[in-house]
Amino acid sequence: WNWFNPFSFSLEIFVSGALISVFFYYGWDVAMNLAEETRDPAHTPGRATFWSMIFLMIFFLIFVTLILLGLSDAEIAEYNTNVIFALAEKLLGKELGYLAIIAVLLSTIGTIETQILQFTRTLFAKSRT
């Protein structure tokens, strides 16, 4: 529970928090540009960005809490960076654990497509002016 304590500050925790912040803020530009296509963009600027960040932080905190409570230090060390599969295997079994890997792969593909969309939208906007 010390991980959630705001008074236990160290350089290592600061660097970890900075990396997590970069992860959280990555993709805000896409949500901002897509928000301009709403029915009333003058009334709802940034609403999609706000809610996407809130949900992302909630899901990330739930996932990290499940990892810390569900896996031992030895299991985390054994699976190294593949803790998603370790947690899914422990909760759902080995066969359904592979479903988590497929979900991560599809999420990665969706992220790449979103970045491509952002790039082409910027090119299109620049070509109109």
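Extending each Cα 7 Å along its Cβ direction at Phe124 and Ala74, get the distance between those two points in nm, one decimal.
5.5
What accessible surface, in Å², does a 1.4 Å probe find on Val22, ignoring ligands, DNA and RNA and rounding to the nearest 10?
Val22 exposes around 100 Å² with every protein chain in place.
If we count every other residue with Cβ under 10 angstrom of Ala86's Cβ, Lys/Arg +1 and Asp/Glu -1, where does the sum land?
In short, -2.
Tell me, what ³J(HN,Hα) does each residue in region 67-81 have, in order and in whole Hz, if you take phi through Karplus 6.51 cos²θ - 1.76 cosθ + 1.60 with θ = phi - 60° and put x for Gly and Pro?
5, 5, 8, x, 10, 7, 4, 5, 5, 5, 5, 5, 8, 6, 8
The values are calculated or read from the model by the stated rules, or taken from the named source; none is laboratory data. Quantities reported herein were computed from a predicted structural model and do not represent experimental measurements. Cβ atoms come from the backbone with ideal geometry, glycine included; neighbour counts cover every protein chain shown. Accessible surface areas use protein heavy atoms only, side chains included; no ligands, DNA or RNA. Shrake-Rupley method; radii C 1.70, N 1.55, O 1.52, S 1.80 Å.
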